[in-house]
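K.L.:
Quick one: the structure is below, and I'll ask about it shortly.
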Amino acid sequence: MSAETADRVAVTGSRPNTPPQTSWFEFLLDESLLENHLQKSSPDPSPVQLVIQFLEQASKPSVNEQNQVQPPADNRRNRTLKLLALKVSAHLKWDLDTLEKGLSIPVLNMLLNELLCVSKVPPGVKHVDLDLSTLPPTTAMAVLIYNRWAIRTIVLNSFPEKPTKLGPHQMNMLNLVQQEKESTENILKVLKEQSEDSIMVLEGALGIKKDFYIHTLRTLDLLAAEPPTTNGETECSTAGLKISADELHCQVHYDLGAIFFQQGCSEPSSYEKAREHFFKTKELLLKLDSKALHCRLDERRLAGYWNACRVLTGASDPSDAQLTPYSLINNFIKSKNYQALIETFIKDNVTLSLPNYFRQSILREFVHKVQQGDRTLEEVCHKLCVCNAVREALEGQVVSVFFQQLLLRPNKRTVDFLLEVCTRALDAEHAETSRRKLAALLKAVCESVEETSLVFMVFAHKLFVELLPEEERKTLVEQMRKRSASINLSAKLLPSFYDIPASASVNIGQLEHQLILSLDCRRIRQILIELHGMAERPFWRVNSKWEVPQDYVSVILGIKDNLTRDLVYILMAKGLHCITIKDFAHARQLFSACLELVTEFSPKLRQVMLNEILLLEVRAHESGGGCTRERPPPDLVSRVRGYLEMRIHDIPLRQLVGEECVAFMLNWRENEYLTLQVPQSLVMNNPYIKLGQLLAATCKELPGPKESRRTAKDLWEVVVQICSVSNQYKRASDGRVSLIKQRDSTMGILHRSKFVTFIKKLREPLVLTTLISLFVRLHSIVRDDIVNEVTAEHLSIWPSTLPNLQSVDVEAVAVTMKELVTYALTLNPNNHSWLITQADIYFVTSQYSAALHYYLQAGAVCSDYFSKAVPPDVYTDQVLKRMIKCCSLLNCHTQVAVLCQFLREVDYMTAFKALQEQNSHDAMDSFYDYIWDVTILEYLTYIHHKRGENEKRQIAIKAIGQAELNASNPEEVLQLAAQKRKKKFLQAMAKLYF
């Protein structure tokens, strides 16, 4: 052996032995090979690849002696190959999910047509005309599998799909790909034409209650062995794999739901049908076990379909299995289905699944509504209270104070309901324990209720007789008789259910609970007096949620009288909370009572309360919403000026009050006051007043001559400092200097976070436009990207350079700009300038779909939803080119071609390049009606002719043949045709991106 040979043997011997792939023709030679191959854990080739190989070989055209191409011969070889393909599919249990993933539409169409053929489906007869119940089981199943695939294919191909690009070495496959594409389009066209028939076939299958059978490897062998004269009623008809009716119906309901959902875009009533089918799918899924053979559903997708249908149809289903008990209860409350809510509480007394604290919180919510004046909920409160009392008794807890209050003045309905709830709460599993606890509850009720007739109503009830022994009942009856003889009920005043009497029997916890809930100033004072009579401790700490500003804490807690201290603290805390939730009426009452109280002993606290009342009035006026609110009364403006000029020493001042006063003055265009009349000492000491003065001065100059830029430069410098960072360095032992920290600059008049908070209190459009303009200019400078700049109004008033560019925090500038524009659009979503700026922000951050949304919205708001022409200063060439680039990067190339016509000079090069793309993700030929440029339409017809796309070519020819596009028409007619198409195109784009 030579050295070279030895080396070659050594190399090949070191490699692992890979078994050779089995060739397709080997299965023809050995009948048993297929079954053995499919039983392997990882067969090579895989089952799906085998199907492709068998059908490819069986469908190869033949060439006769005259060298003419003939259709595939119907010989034994080809029939065997088709049978082998069917056997592999039978091994996969005809799982359409697996087959659809691995096979192209033409191959799967060929496979299922072969299944119909071998299953003895009558040729030439429409499936909708067949009576499935009379057909052999496997024949009926073949029809169902085919029609299920038909509608699934329609649905799957309604989703956009990115086509596979061929590399340079694959260009010789282009013709094959083109042929497959044309074949797929033809099949889809036929399937869509027959979709109504397929739907009717599947709906008919839902009426068949008997089990179905599907072909297996064995039944297919039996078919191959049958004599040609068979009528289909052979052993193989019922010897296949058994599929239960529920399993098939579940899958059919899902497929029908998907097709109806897909049809809902053009026919909204179909969403209701889809919802019904998905509901039945969910019901059947619960019945099926996890070993279902034929039903393969993506339950997450089903849940998505279901939620979408519920939203689109506006249907609500409280019985949905996905809802938790908490969600069900919340749904009952929202829909005011109080009977269902009470029924849930009664049932929970047996299951004990809801936490007690949750049940109590529901009761407190209803009690609060009654206290607010909704007396219609009083009976609901009573019933919930009874349900909770029974639950507490069953768990061995002390019943709540609400129930004890209820027993002070019960009525016949309440007692009847109590007895009903107790009866239904008896649990067979814990009968003895439940009986003892319920007996104790009923006994306590009898001892508490003072109206004799109601007590004896309990005595006479069957439940009471069952629960208490006879001796206990007799003793209790005797006690009641003695009590009724000694008490004059009519002379005793009975307190309200919601009003706890101030007596020694009421504990401190109950009073504290009332203190937390009450917003009545007198009631708060009365409760505090009672509490201080029972215990000496700081009751302002009762609720951890009560908070007053830190600036005031030391002054309030310095009050010597404990009762007054608690009262002032609680009144202010409750008032501030009411302002937060915009309950300004209660806030005024609480602050007025507090002002009246502190006026008697503390001038300092009096001024504090006056300042807080001013802030309350400012916020109450500003909460009106929108930019067209009524001007504030002169008195309020005068009080705001007075606060800004206040020079009283030793008064704790909240910076928030000054901040909101400055924002108030800017919002109501008090620019003259801010620029000319504010004392200079205030401007130097209060950063918000300084900011307000600079903003007011800049806004005053905007309509004036462009040469006046001094105030704009001052505002620019202040904002740049706010957005700057200062770097700290240290020198190492070897002499090298390194950066150790980067922090907010102390050079700025306030931190950026506080600056942003202040901005979000502004509502005046001109002020916001000025700030947006400033940040857009600053962003352009620090980002230094001329091609991708954000645009805004009034950019020319700002400096074009920065002396110390490295100190500006680029990220802080970008974030602030985005926050500012987003906030401005919440105030006025129809400001086209802000919309263009927002679109530019998305464009430069590569969020092209969002950018298109805002570019289109900007055009819509200034053209009455495109019913009029969009002004050219809104859709400038720069905006249109950015829209074109967005569409191009989203692979919507037909939209690119249409938008190229909108430019002042039509961009033919970009349009032609876009139309050459074959992987367009838009609706392509449906956009041809929006093209008015004849040159582009002519190029379209050429492209489609070259590709052999006859159908699309005809659409383009039809578009170009419209009389209004004739070049001989007057200019006015051509302009009118263009405007009409622009309008329709932009409206169609709005539907896509809004």
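K.L.:
Stretch LYS582-GLU905 to full length: gain in nm at 0.36 nm per residue minus the Cα-Cα span?
P.N.:
Result: 110.8 nm gained on full extension.
K.L.:
How big is the convex hull of the Cα atoms of region 334-438, per residue, in Å³?
P.N.:
104 Å³
K.L.:
At a 1.4 Å probe radius, which order do MET646, MET989 fall into by accessible area, largest first?
P.N.:
Largest accessible area first, the list is MET646, MET989.
K.L.:
Mean projection of the alpha-carbon convex hull of region 553-670 over all orientations, in nm²?
P.N.:
Result: a mean projected hull area of 7.5 nm².
K.L.:
Additional query: Would you work out if region 542-616 is rounded, prolate or oblate? Take a ≥ b ≥ c from the square roots of the eigenvalues of the alpha-carbon gyration tensor; rounded if a/c is under 1.5, else prolate when a/b is larger than b/c, oblate otherwise.
P.N.:
The shape class here is oblate.
K.L.:
Then there is this: Evaluate the Debye formula for region 832-890 with equal point scatterers sitting on the alpha carbons, no solvent, and hand back log10 of I(q)/I(0) at q = 0.24 Å⁻¹, in q order, two decimals.
P.N.:
-0.91
K.L.:
I've got another one for you. Stokes-Einstein at 10 °C, 1.306 mPa s, Kirkwood radius from Cα pairs: D for region 866-919 in µm² s⁻¹?
P.N.:
139 µm²/s
K.L.:
Between GLU470 and LYS334, with labels modelled 7 Å along Cα→Cβ, what's the label distance in nm to one decimal, could you check?
P.N.:
The answer from the label model is 5.7 nm.
K.L.:
Which of the trypsin sites (Lys or Arg not before Pro) across region 528-586 are loop residues per DSSP, with 12 or fewer other Cβ within 10 Å? Working shown, then result.
P.N.:
On the way: sites: ARG541, LYS545, LYS560, ARG565, LYS574, LYS582; in loops: LYS545, LYS560, LYS582.
Answer by residue number: LYS545, LYS560, LYS582.
K.L.:
Hey, what's the per residue convex hull volume over the C-alpha atoms of region 931-994, in cubic angstrom?
P.N.:
For region 931-994, the hull spanned by Cα atoms encloses 88 Å³ per residue.
K.L.:
Expressed in nm to one decimal, what extension gain is obtained for the pair LYS192 and ASN562 from 0.36 nm per residue of sequence separation less their Cα-Cα distance?
P.N.:
124.9 nm
K.L.:
Sorted by mean Cβ packing within 10 Å, highest first, what order do the peptides 924-937, 784-797 take?
P.N.:
924-937, 784-797
K.L.:
For region 758-902, calculate the relative contact order in percent as a whole number, restricting contacts to Cα pairs under 8 Å that are 6 or more residues apart.
P.N.:
Reported relative contact order: 18 percent.
K.L.:
Would you grab the residues whose amide H sits under 5 Å from the one on ILE243? Only those 5+ places off in sequence or on another chain, please, with H modelled 1.01 Å from N.
P.N.:
Under 5 Å from the amide H of ILE243: PHE212, TYR213, ILE214.
K.L.:
In addition: Would you check the accessible area of TRP834, probe 1.4 Å, heavy atoms only, in square angstrom rounded to 10?
P.N.:
Its heavy atoms expose roughly 10 Å² to the probe.
K.L.:
Something else about it: Can you give the accessible area of HIS215 in Å² (nearest 10), computed on protein heavy atoms with a 1.4 Å probe?
P.N.:
Surface open to solvent at HIS215 totals about 10 Å².
K.L.:
Which value, in Å² and to the nearest 10, is the accessible area of ARG301 when all protein chains are kept and the probe is 1.4 Å?
P.N.:
Taking all protein chains as shown, ARG301 has close to 110 Å².
K.L.:
Now a separate question. Arranged from highest to lowest average of other beta-carbon atoms within 10 Å per residue, in what order do the peptides 302-308, 868-874, 617-623 appear?
P.N.:
Going from most to least packed, we get 617-623, 302-308, 868-874.
K.L.:
Given a Förster distance of 45 angstrom, what is the FRET efficiency for ASP864 paired with SER638, based on the Cβ-Cβ distance and rounded to 0.05? Write out the running numbers ahead of the final one.
P.N.:
Values: r = 42 Å, r/R0 = 0.94.
Once the sixth-power term is evaluated, E becomes 0.60.
K.L.:
For region 834-936, calculate the relative contact order in percent as a whole number, restricting contacts to Cα pairs under 8 Å that are 6 or more residues apart. Present the calculation step by step, with values, prior to reporting the outcome.
P.N.:
Values: 113 pairs, mean separation 20.7, N = 103.
It comes to 20 percent, rounded to a whole number.
K.L.:
Further question: Mind ranking MET572, MET909 by accessible surface for me, highest first, 1.4 Å probe?
P.N.:
Per-residue accessible area, sorted high to low, gives MET909, MET572.
K.L.:
Shifting gears a bit: Could you check the spin-label model distance between THR351 and THR433? Points 7 Å from the Cα along Cα→Cβ, value in nm.
P.N.:
With each label point 7 Å from Cα toward Cβ, the separation is 1.9 nm.
K.L.:
For an R0 of 22 angstrom, estimate the FRET efficiency from the Cβ-Cβ distance between GLU447 and ARG413 and round to the nearest 0.05. Write out the running numbers ahead of the final one.
P.N.:
Numbers: r = 21 Å, r/R0 = 0.95.
After rounding, the FRET efficiency stands at 0.60.
K.L.:
So which aspartates and glutamates can LYS690 reach, going by Cα to Cα under 12 Å and dropping same-chain residues fewer than 8 places off?
P.N.:
Hits, sequence-local ones excluded: GLU659, ASP714.
K.L.:
Then there is this: According to a simple spin-label model (label point 7 Å from Cα along Cα-to-Cβ), what is the distance in nm between GLU547 and GLN372?
P.N.:
Once both label points are built, they end up 2.3 nm from each other.
K.L.:
Which shape class applies to region 507-585: rounded if a/c is under 1.5, otherwise prolate when a/b exceeds b/c and oblate if not, where a ≥ b ≥ c are the square roots of the Cα gyration tensor eigenvalues?
P.N.:
Oblate is the answer for region 507-585, as a/c is 1.5 or above yet b/c matches or exceeds a/b.
The values are calculated or read from the model by the stated rules, or taken from the named source; none is laboratory data. On a predicted model such as this, the values are computed, not experimentally measured, just so you know. Don't worry about glycine lacking a Cβ; one is built from the backbone with ideal geometry, like all the others, and counts go over all protein chains shown. Keep in mind that these areas ignore ligands, DNA and RNA; they rest on the heavy atoms of the full protein, side chains included. Shrake-Rupley method; radii C 1.70, N 1.55, O 1.52, S 1.80 Å.
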